[in-house]
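A.B. asks: Pasting in a structure now, in structure tokens, and then I'll have a few things to ask.
The values are calculated or read from the model by the stated rules, or taken from the named source; none is laboratory data. These numbers come from a predicted model, not from an experiment. Cβ placement follows ideal geometry from the backbone for every residue including glycine, while neighbour counts extend to all protein chains displayed. For accessibility, only protein heavy atoms count, side chains too; no ligands or nucleic acids. Shrake-Rupley method; radii C 1.70, N 1.55, O 1.52, S 1.80 Å.
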Amino acid sequence: MCIESTTAGQGATLRLTGCLAAALFATSLRRSLSSRRVPRLHLCQSRHNPTPRRASASEESRTGPDPALDLETVLRRCRQLPNVDFWTVLGDLVVLVGIAPALAVFFARVQVWTPSWLEMVKKGGESGFIFPEAAHAVAFAACWFSVGLAAGAFEANAVTPADLIATLRRTWKPGGLTFITAIFLWLMQSATGVLLPNYAAMGFETQAQVCPSLLDFAIDLQFSLLCLGAWRFTRAVSMTGSPVEDEKNITDVQLLLGDIIVSGVIVPNIIVAVFFQTHVYTPGWLDFWRSDARDLSSATLAHGASLCLCWLSAAFIAGGYRAGAVNRQDLAGTLKRTWVVGATATALLLMITALSSLLSVPDGQAVPEFENNRRLLNSVLDLVLDIQFSALSLTTWR
């Protein structure tokens with residue numbers, strides 16, 4: 001009987017979450033469509049003058065056309081270095097040489113993805129080798145700064161908050177050319193027989209003379225390309241200026257209600273549905289709230305209340321409900337203000353998690369080191385899941 005009631009409660013909770021998500025989507029879609037009405041003056045002009053209106057000079061100069069790839073333009077870019085942003089170039093270097101290979105090594109370590117060379121090395125029983133992701137990162141970085149320069153990835157409007165889609169397009173088009181160039185150079189080295197000595201020169205050397213395959217190299221390049229696009233998108237958002245806003249908070253009931261539903265209901269139910277109900281992982285907060293004979297729905301809503309409290313507190317502290325906090329005509333500014341609120345909410349959630357971990361330690365009882373490490377790892381994983389799904393859900397909603 002208890003199992004049947006728990007299953008029924010879970011199904012009711014999931015149905016309620018789906019209905020709330022559908023209602024939020026319909027509301028946002030209706031508001032978006034209502035804001036796109038064409039003024040009557042433009043309709044009258046189009047009836048009398050069917051010729052399409054040409055964009056003004058100011059509109060064209062806001063983002064500019066896509067960089068040309070003809071020979072004359074490429075040679076001009078190589079001769080005259082563009083006036084690029086220093087932080088953008090430095091971020092490209094750090095992301096390609098540091099973050100992207102570290103992410104690839106992390107996924108290989110936790111066995112989410114196992115390269116073919118790693119399987120062969122494990123069969124030989126070797127240890128202490130250096131991952132070849134460092135060599136792949138250096139190769140892609142060298143190709144990026146050369147091919148990207150010729151393809152216009154470092155021009156003035158390559159990273160701009162005025163058009164985030166153009167920023168991604170002007171990153172991934174040169175990035176695709178860089179990907180093709182790096183693959184071609186890898187194949188040339190493999191055909192000439194200098195590939196394995198080059199890997200050994202970068203530190204990757206095993207007793208079985210294992211060489212990474214082309215698929216391993218291509219997957220590492222995909223990590224670099226995805227991280228590069230994410231970094232440049234974030235950089236464009238961070239370059240958005242802070243407009244003059246009214247200091248008093250606005251009373252946008254739909255925005256406030258949507259934040260409460262997304263952070264307090266949808267986020268914890270997504271975590272429960274993805275991890276707990278699939279028997280992948282049981283969050284620590286779920287065991288804590290169910291220790292007092294609470295059902296699954298009550299435990300989920302209790303944790304959602306804490307997430308909602310952190311988000312609302314951070315939103316009022318960081319100005320998440322001021323005039324212009326959510327503006328459909330300023331996507332970069334909306335993302336920047338949402339991420340500032342998210343960073344503040346993350347700091348509050350970190351303090352609450354640290355405080356609850358300290359209070360949960362029993363007084364006067366010796367706790368084994370293994371148990372302390374297990375609790376610490378569970379708390380960190382729960383925190384990562386809460387931050388990740390809250391960031392994705394709230395950013396999508398806003």
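A.B. asks: Compute the Rg to Rh ratio over the range 149-215 from the alpha carbon atoms, using the Kirkwood formula for Rh, and round to two decimal places.
C.D. replies: Numbers: Rg = 17.3 Å, Rh = 14.4 Å.
Radius of gyration over Kirkwood radius for the range 149-215 works out to 1.20.
A.B. asks: Related question: Using a Förster radius of 22 Å, what is the FRET efficiency between LEU381 and PHE107 based on their Cβ-Cβ separation? Nearest 0.05, please. Before the final figure, lay out each step's value.
C.D. replies: Working: r = 16 Å, r/R0 = 0.73.
The value I calculate is 0.85.
A.B. asks: Another question about this same structure. 7 Å from Cα along Cα→Cβ at both LEU90 and LEU256: what's the point-to-point distance in nm?
C.D. replies: Placing both labels 7 Å along Cα→Cβ, they lie 4.1 nm apart.
A.B. asks: Please work out the FRET efficiency for the pair ALA354 and ALA208, using the Cβ-Cβ distance as r and a Förster radius of 51 Å; give the result to the nearest 0.05. Walk me through the numbers before you get to the answer.
C.D. replies: Values: r = 46 Å, r/R0 = 0.90.
Step by step, r from the Cβ atoms, then E = 0.65.
A.B. asks: Let me see the pair-distance distribution of the range 171-314: every alpha carbon pair, 10 Å bin width, integer percents in order.
C.D. replies: 9, 20, 17, 19, 19, 13, 3
A.B. asks: Classify the range 266-308 from the C-alpha gyration tensor, please: rounded if a/c falls under 1.5, else prolate or oblate depending on whether a/b exceeds b/c. Show your work: numbers first, answer last.
C.D. replies: Values: a/c = 1.85, a/b = 1.14, b/c = 1.63.
Oblate, because a/c is 1.5 or more while a/b does not exceed b/c.
A.B. asks: Just name one of ALA315, ILE180, LEU195: the one whose Cα is farthest towards the positive end of the charge dipole of the range 168-325 (beta-carbon charges, Lys/Arg +1, Asp/Glu -1).
C.D. replies: Checking the options against the dipole of the range 168-325, the answer is ILE180.
A.B. asks: Can you give the accessible area per residue of the range 80-232, in Å², using a 1.4 Å probe?
C.D. replies: Values: 7530 Å² over 153 residues.
On a per-residue basis, 49 Å².
A.B. asks: Based on the Cβ-Cβ distance of VAL274 and ALA343, what FRET efficiency does E = 1/(1 + (r/R0)^6) give at R0 = 25 Å, to the nearest 0.05?
C.D. replies: Values: r = 24 Å, r/R0 = 0.96.
Plugging the Cβ-Cβ distance into 1/(1 + (r/R0)^6) gives 0.55.
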